[in-house]
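Visitor: One structure is given below, represented as structure tokens, and several questions about it will come after.
The values are calculated or read from the model by the stated rules, or taken from the named source; none is laboratory data. Just so you know, these numbers come straight off a predicted model, no measurement behind them. For neighbour counting, all protein chains shown are included, and Cβ atoms are generated from backbone atoms with ideal geometry for every residue, glycine included.
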Amino acid sequence: METVTTSEGPDLIRFEEVSKVYPLPAGDVVALDRVSLTVRNGEFIAIMGPSGSGKTTLLNLIGCLDVPTSGRLMISGRDVAELSDDELTYLRRDTIGFIFQQFNLIPLLSVLENVEYPLILKCKDRSACGLRPNEVLKAAGLDDERLYTNRPNELSGGQQQRVAIARALVNDPDLLLCDEPTGNLDQRTGQGIMELLSRMNREGKTIIMVTHDLGIAEYASRQVRIVDGRIQEDSG
Amino acid sequence: MSRTFFDIARRNLQRNLFRSLLAVVGIVIGVLAISSLGILGNSLTLSVTEQLSTVGDSLTVIPHTGTGAQFGGGMTQEKITERQVQDLRRIAAPDPVIPLYSTADRIDVGSQRGVVSIYALDPDDLQYLVEADQGILLRGNSGVLAGSQVADQFDLKVGSQVWFGDGSTERVVGILKERGLGFDIQPDLALIVPIRWYEDREDPEGYDQVIIKVGNLERVEAIQDGIDERFNRRETVLDSYSSTEILSSIETVFAQISTFTTAIGGISLVVAGISILNVMMMSVTERTREIGILRSIGTLRSEIRQMFIYEALMLGLIGSVLGGLLSFGAGYLISLLVLQTTQYLFHPSSLSSIALGMGFGIVTALLSGLYPAWKASNLNPIEALRHE
């Protein structure tokens, strides 16, 4: 429980009896059923569960891509239900870094431009805020600067995921959200990515990661298991 | 920041180069159609009004020939009396009032014979209507002036002898400068004889026409009102036409033709707009996932909209500039083919047709981009991310 001791401040994320219901013609689908969960600063959490269990819904809610049907969800002390679409966007841009299974880099932009993009969204004048894209790319383990002008599809899967991690880090967010970050990588490359994420966690980032791979989940300090929209097991 | 969106928009157009080019070609054709038809309409209007407007401003007064006259009805007359001319002089003063006879006669010149229009005018009034190219204007009670086209036709020179239908003869004292089409008289196509010479021979009942040269344009209406007040209170006796009135109605007709041809050009622009809409909707569908990524990492709805509007604007701008440049060529060709002259191509109103076409091109592209941009910005980021 060493992570708990480092966080004396407010909880980063707090779910209070949060439900998410998707209305469908065949009947409502309850994706999350009165979930309560607290995430403190600096934690590394693996969310696990079978497909359809609601773990992606949980991640979407934390990522401010969706809002709860009922219950209260606080992120960085703000109730997401009270935020406008633009305010949710700002929250995503400034405090959350996304890392996807499919890497999801912008094919039209070069490696460096992909990393710069969130920075440009946040700061109209690039020098004014955020981190230096080159340094973040190096920190993410992409040392070869010759690759920086390439398009993402010219890189290997592992390299692309490192670019995606650099992009997630460039605005210096509090929280990294990872959806199956190693799902499209071979085991050795996956391990490299997990070691990078662990290092980011040690340097202070809170990480929430969805995975169904037990080996990957072991990198996390807390495991949460979801079944049928309810938390069945929480090691924290 | 907008530079990045601009770059993304530009690169997306380059990624689908062929499709983008087709959309641009649509705009080019639309702009080309509007501009070159506009240039044609303008050149047409300019060339006609230029031919017509050389006279300056004049009021033409002629007897009202209503249907009543043909059935011998009432007061309707076919000539203008000396008393009416005196009244007209009072109404128009100090502007000159020029009564004239207009007729036609057979003439013989050397071995050539033909029929020409003849105007009989007071030599003192000639200065208001015509200029001599060779020789002099009429003096006294003899001699004849030849209009430029009549002179060409009968090979007349100063001193040539003209035989009239009744066997009398006069010498040409002057050849007139070409004056072009007019609303009052057509001297190019006529001979002009002294008024007293004509009255002595024909003893006419009254004048056929009176021309009032109005010095100050603002007085045209007042004089017309005066004529109506004096002559036409109970029934119309004299009709008066002002050249500006006729000119402006001709200009109206040509402006309508111009608008019509521009509207035809506009149809092709609508088609271009639809093709841009189509291209952009395809782009939105294909890029759904990309839009989801951009939204998830913190791009605002308004910024997504901006990106797509840039795309539409770029298509419109490139198409309009190309179309504008090509319209010079097209306008040149059309003017040459239809009007046999290209002198009006660089006239401000022709250039404004090109500006109009380009403006419409850009606006059309922008309008066509609005819906796709709105559609893209309103995609649900979660569903967009799931899109394959």
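Visitor: Does B:Ala355 satisfy the condition of being surrounded by fewer than 17 Cβ atoms within 10 Å (Cβ to Cβ) and in a helix (DSSP H, G or I)? Break it down stepwise before answering.
Guide: Values: surrounded by fewer than 17 Cβ atoms within 10 Å (Cβ to Cβ): yes; in a helix (DSSP H, G or I): yes.
So B:Ala355 passes the test.
Visitor: So which residues in the range B:12-37 are within 14 Å of chain A (Cβ to nearest Cβ) and either in a helix (DSSP H, G or I) or touching a Ser or Thr at 6+ places or on another chain (Cβ under 6 Å) (or both)? Can you show your working first?
Guide: Here is the first cut: in the range B:12-37, the residues within 14 Å of chain A (Cβ to nearest Cβ) are B:12-17, B:20.
B:Asn12, B:Leu13, B:Gln14, B:Arg15, B:Leu17, B:Ser20 - these are the residues of the range B:12-37 that are within 14 Å of chain A (Cβ to nearest Cβ) and either in a helix (DSSP H, G or I) or touching a Ser or Thr at 6+ places or on another chain (Cβ under 6 Å) (or both).
Visitor: Right, something else. Is it true that some residue in the range B:1-11 is surrounded by fewer than 16 Cβ atoms within 10 Å (Cβ to Cβ), within 14 Å of chain A (Cβ to nearest Cβ), modelled with pLDDT under 85 and outside any helix (DSSP H, G or I)?
Guide: yes
Visitor: So if I check each of B:Glu303, B:Glu286, B:Glu311, which one is within 13 Å of another protein chain (Cβ to nearest Cβ) and surrounded by fewer than 18 Cβ atoms within 10 Å (Cβ to Cβ)?
Guide: Exactly one of B:Glu303, B:Glu286, B:Glu311 is within 13 Å of another protein chain (Cβ to nearest Cβ) and surrounded by fewer than 18 Cβ atoms within 10 Å (Cβ to Cβ), namely B:Glu286.
Visitor: Among the numbered criteria (1) in contact with a Pro (Cβ under 9 Å, 6 or more places away or on another chain); (2) closer than 18 Å to B:Ser58 by Cα, which one does B:Arg219 miss?
Guide: Just one mismatch for B:Arg219, condition (1).
Visitor: For the range B:77-114, what are the residues that are under 21 Å from B:Trp197 (Cβ atoms) and assigned to a helix (DSSP H, G or I)?
Guide: Answer for the range B:77-114, where residues must be under 21 Å from B:Trp197 (Cβ atoms) and assigned to a helix (DSSP H, G or I): B:Glu82, B:Val85.
Visitor: Only one residue in A:Ile208, A:Ile165 is in contact with a Leu (Cβ under 9 Å, 6 or more places away or on another chain), on the phi < 0 side of the Ramachandran plot and not in a helix (DSSP H, G or I). Which one?
Guide: A:Ile208
Visitor: Any idea which of B:Leu385, B:Leu345, B:Leu366, B:Leu315 is under 25 Å from the mean Cα position of the chain (by Cα) and either at pLDDT below 90 or among the hydrophobic types (A, V, I, L, M, F, W, C) (or both)?
Guide: B:Leu345
Visitor: Counting just the residues of the range A:168-183 that are outside any loop (DSSP other than H, G, I, E, B) and either hydrophobic (A, V, I, L, M, F, W, C) or modelled with pLDDT of 95 or more (or both), which one comes out surrounded by the most Cβ atoms within 10 Å (Cβ to Cβ)? Walk me through it before giving the result.
Guide: As a first pass, look at the range A:168-183 and keep what is outside any loop (DSSP other than H, G, I, E, B): A:168-169, A:175-179.
When the remaining residues are screened for being either hydrophobic (A, V, I, L, M, F, W, C) or modelled with pLDDT of 95 or more (or both), the result is A:168-169, A:175-178.
On the way: A:Ala168: 26, A:Leu169: 24, A:Leu175: 22, A:Leu176: 22, A:Leu177: 25, A:Cys178: 28.
Residue satisfying both the conditions and the ranking: A:Cys178.
Visitor: Would you pick out the residues in the range B:153-184 that are modelled with pLDDT under 85 and of a type in the set (A, V, I, L, M, F, W, C)?
Guide: B:Leu181, B:Phe183
Visitor: May I pose another question? With the range A:35-151 as the region, which strands (runs of 3 or more DSSP E) entirely inside it contain at least 3 residues that are more than 10 Å from chain B (Cβ to nearest Cβ)?
Guide: On the way: elements: A:44-48, A:70-75, A:96-99.
Because the criterion is at least 3 residues that are more than 10 Å from chain B (Cβ to nearest Cβ), the strands (runs of 3 or more DSSP E) in the range A:35-151 that meet it are A:44-48, A:70-75.
Visitor: Further question on the same structure: Looking at this structure, is B:Thr236 modelled with pLDDT under 85 and outside any loop (DSSP other than H, G, I, E, B)? So that I can check it myself, show each step before the final result.
Guide: Details: modelled with pLDDT under 85: yes; outside any loop (DSSP other than H, G, I, E, B): no.
Considered against the rule, which asks whether it is modelled with pLDDT under 85 and outside any loop (DSSP other than H, G, I, E, B), B:Thr236 comes out as no.
Visitor: Counting just the residues of the range B:370-382 that are at pLDDT below 95 and either more than 14 Å from chain A (Cβ to nearest Cβ) or assigned to a helix (DSSP H, G or I) (or both), which one comes out nearest to the chain's Cα centre (by Cα)?
Guide: The residue in question is B:Pro381.
Visitor: Let me ask another. List the pairs whose first member sits in the range A:59-72 and is buried (at least 17 other Cβ atoms within 10 Å of the Cβ), whose second member is in a loop (DSSP other than H, G, I, E, B), and whose Cβ atoms are under 9 Å apart, counting only residues at least 6 apart or on separate chains?
Guide: The qualifying pairs are A:Leu59/A:Leu65; A:Asn60/A:Asp66; A:Leu61/A:Val67; A:Leu61/A:Pro68; A:Cys64/A:Leu83; A:Leu65/B:Asn380; A:Asp66/B:Asn380; A:Val67/A:Leu83.
Visitor: Tell me which residues, restricted to the range B:93-142, are more than 36 Å from the chain's Cα centre (by Cα) and surrounded by 22 or more Cβ atoms within 10 Å (Cβ to Cβ). Talk me through it step by step, then tell me what you get.
Guide: Within the range B:93-142, the subset more than 36 Å from the chain's Cα centre (by Cα) is B:106-113, B:139-142.
Matches in the range B:93-142: B:Ile107 only.
Visitor: Further question on the same structure: Just to be sure I understand, how many residues within the range B:199-211 are out of contact with any Lys or Arg (no Cβ under 9 Å at 6 or more places or on another chain) and surrounded by 19 or more Cβ atoms within 10 Å (Cβ to Cβ)?
Guide: Number satisfying all stated conditions: 2.
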